[in-house]
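Below is one structure; the comments refer to it alone.
The values are calculated or read from the model by the stated rules, or taken from the named source; none is laboratory data. Everything numeric in this text was worked out from a predicted model, so none of it was measured. Because the Cβ atoms are built from the backbone with ideal geometry, glycine has one as well, and the counts that use them run over all protein chains shown. For the accessible areas, the whole protein counts, side chains as well, though only heavy atoms, and no ligand, DNA or RNA atoms are used. Shrake-Rupley method; radii C 1.70, N 1.55, O 1.52, S 1.80 Å.
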Amino acid sequence: MVFKCKIHEVKETQTPEKDDEFAKDVSEFDTLDALRADIRTKRENERREAVERAFESAAVEKAAANMTCEIPPPWWRSRWTRTWSSSPTSCK
């Protein structure tokens, strides 16, 4: 079995040069160094915020795991009554 193919076009991916013109085209910065510095700063801020969120989450989880409390019966009884009496499907 033999196949014949006709090639109409050969395409090649071309990446732009990473220079000041590229920085002007893709951002509000005039130089590639300024664009890189901005990207670096944003990435550092994102990492710092992620660490802070992880720390806060771990602290809350630890506090919740060690927490014990009792809700006084009058509080939940009055809350229950208010919830069910204001419900449109309450039985009266």
When region 33-71 is examined, which residues are found to be of a type in the set (Lys, Arg) and closer than 20 Å to Lys18 by Cα? Arg36, Arg40, Lys42, Arg43
Is there any pair linking a residue in region 27-48 that is free of Cβ contacts under 8 Å to residues at least 24 places away in the same chain and at negative phi to one that is open to solvent by 50 Å² or more (accessible area, probe 1.4 Å) and of a type in the set (D, E, K, R), with Cβ under 8 Å and at least six apart or on different chains, and which? Asp30/Asp20; Asp30/Lys24; Thr31/Asp20; Leu32/Lys18; Leu32/Asp19; Leu32/Asp20
Cβ contacts < 8 Å: first residue outside any helix (DSSP H, G or I), restricted to region 12-24; second residue open to solvent by 100 Å² or more (accessible area, probe 1.4 Å), any location; separation 6+ or different chain. Result? Pro16/Asp25
